[in-house]
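First up is the structure itself, then whatever we jot down about it.
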Amino acid sequence: MADFGIKEALATLGLQEINEGTSTGSVNFSNGEIIESYSPVDGKLIGKVKASTKEDYEKVMDAATSAFKTWRAMPAPQRGEIVRQFGNKLRELKEPLGKLVSYEMGKSYQEGLGEVQEMIDICDFAVGLSRQLNGQVIPSERPGHVMREQWHPLGVVGIISAFNFPVAVWSWNTALAWICGNVCVWKGSEKAPLCSVACQNIIAEVLKANDLPEGISCIVNGDYKVGEYITEDTRIPLVSATGSTRMGRIVGAKVAERFGKSLLELGGNNAIIITPTADLKVVVPGAVFGAVGTCGQRCTSTRRLIIHESVYDKVRDAIVGAYGQIKIGNPLDENNHVGPLIDKDSVDTYLAAIEKAKAEGGKVLVEGGVLEGEGYESGCYVKPAIIEAENHYEIVQHETFAPILYLMKYSGDVENAIELQNGVAQGLSSSIMTAEMKEAEKFLSFAGSDCGIANVNIGTSGAEIGGAFGGEKETGGGRESGSDAWKVYMRRQTNTVNYSDELPLAQGIKFDL
Ligand code: NAD
């Protein structure tokens, strides 16, 4: 199989000695067992990374807590300047980093580049924000007094991230956390460990060039056991964790037990409502990209289509027809639309979900299955499947992180479709396809979609960094990225200052001595 420039990309990112077990950067002290990273693209070993032991973790925390004292004292716009330089480095390294993301995670090269672009965009956003961490001045009820609100950094922010966005999710968190004056300790996914090391190499270079301590950005490597060091650590006031609902349930409880804050970004079960006036030119690409893009491994992937019975046959046939055009193969080859699943465990989960859907009464419209033969040696390539199903099936109620799309009908008013859309435990992304203004507004109203993201005439996947990103219910309730999501990375302090010669008490209370 062609190399697609992977070796060059790895060398450019400082990962040339990866077969020795990388522990690059002075703050990545990892000395533990070796984690091997195999590409789902061709099944080959890409490199090895050492996991962090508890001792390594303690060294990282020492470096981070000491760096915090330097970093928090820098004016926020100066911190923004460092983030600007980091964004510029990412611009220079967009192609090699995009390639590594694609090769290690399996998403298309275009999506790998898109992920790095998101990192660049959030850096730009953070640079602007570094001059806008504004508090408020609040009228005091007491004469000669002024009240105001200030935002202070929290300290060490812990970031735990999932395999499917192995670099962007970190940057969403870290770019904002940094300009807010925090330092970060990141545990990336054990399924894409080289992506974390590559990112650490990039920021370490920027920090070094500015004579700043590398402890401002730290990584630890490993699986959930290393994640537990973070969740249990009272020195970490905020843990931002992205991953499955199963993980979030454990992490949320652990962090809450010690009165830490958690920002949870968990699984979705996203639906598109397709009404009688939906425009098929928009519906078909929106639904198909949403369902098969990143091989169905986005938290915002489209899992369910809720189609009005009057247009059901037409929409079904158009979508099934479009599935016939999908090219599955090496994601670094730009002719392919769909790459592999992350690993063979995921393939098993996908196959089991199809069997379960059938057992519950689902009718397969587009057959799934594992691809074999030349180009598919990794065993991780599967065919996107479409199944006619009902919303109450147990398997439909669950997020299967694979390209399986469930089609279901609704009849009558849009309220019936909204009820189905909301009738799952997750609440991340949702959309409606309609030309009717009233239907669209109902969907966006308090009585409409219960998700954190509700779109009209676009699909469920592919959010922009300018908006707050996250979802309700079992998706965890967290918001990160744009809008005022920065506030979660800071602590709010209310100040009352008396510039009079008296001491009037609040609520008119008299206390004469
Ligand atoms: P996962 O839950 O298996 O792992 C996510 C991360 O959590 C990994 O780094 C893992 O090591 C760590 N982890 C797992 N258990 C832990 C524990 N008990 N304590 C501390 N850390 C622990 O998820 P995954 O398979 O990597 O990713 C897929 C899932 O992530 C899907 O459910 C997807 O919807 C979700 N996701 C959500 C968003 C979002 O923004 N809502 C974004 C991306 C992915």
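Values quoted throughout were computed directly from the atomic coordinates according to the rules given, and no laboratory measurement underlies them. Values in this document were obtained by computation on a predicted structure and should not be read as measured data. Note that each Cβ is placed from the backbone with ideal geometry, even for glycine, and that neighbours are counted across all protein chains shown.
Numbers at a glance
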| quantity | calculated |
| --- | --- |
| Lysines with Cα under 27 Å of LYS409, excluding same-chain neighbours fewer than 8 positions away | LYS281, LYS314, LYS356, LYS358, LYS363, LYS383, LYS438, LYS442, LYS473 |
| Alpha carbon Rg of region 6-262, scaled by the compact-globule rule 2.2 N^0.38 Å | 1.03 |
| Helical segments meeting 27 Å axial Cα length and Kyte-Doolittle 0.0 threshold in the chain (DSSP H) | 109-129 |
| Selected from GLY423, TYR350, GLY321, residue furthest toward positive end of dipole (region 270-456; charges at beta carbon) | GLY321 |
| Chymotrypsin sites (Phe, Trp or Tyr not before Pro) lying in DSSP loop within region 410-513, provided at most 16 other Cβ fall within 10 Å | PHE446, TYR499, PHE511 |
| Quotient of C-alpha Rg and 2.2 N^0.38 Å, computed over region 270-456 | 1.00 |
| Environment charge of VAL83, counting only residues whose C-beta is closer than 11 Å and scoring Lys/Arg +1, Asp/Glu -1 | +1 |
| Relative contact order for region 378-419, counting Cα pairs under 8 Å that sit 6 or more residues apart, in percent | 39 percent |
| Principal semi-axes in Å for region 414-493 [√(5λ), Cα gyration tensor, largest first] | 25, 14, 11 |
| Translational diffusion of the chain, µm² s⁻¹ [Kirkwood Rh, Cα pairs; Stokes-Einstein; 4 °C; 1.567 mPa s] | 54 µm²/s |
| The chain, dipole about Cα centre (Lys/Arg Cβ +1, Asp/Glu Cβ -1), debye to the nearest 20 | 960 debye |
| Counting DSSP beta bridges with both ends in the chain, the antiparallel % (nearest 5) | 35 percent |
| Cα-centre dipole for region 319-391 with unit charges at Cβ (Lys and Arg positive, Asp and Glu negative), debye to 20 | 220 debye |
| Exposure proxy order (Cβ contacts within 10 Å, fewest to most) of CYS295, CYS199 | CYS199, CYS295 |
| Size of charge dipole - region 270-456 - debye, nearest 20, with Cβ of Lys, Arg +1 and Asp, Glu -1, no other charges | 220 debye |
| Region 6-262, relative contact order in percent, only Cα pairs under 8 angstrom and at least six apart counted | 23 percent |
| Dipole of the chain [Lys/Arg +1, Asp/Glu -1 at C-beta], most positive-end residue of CYS123, GLY47, SER37 | CYS123 |
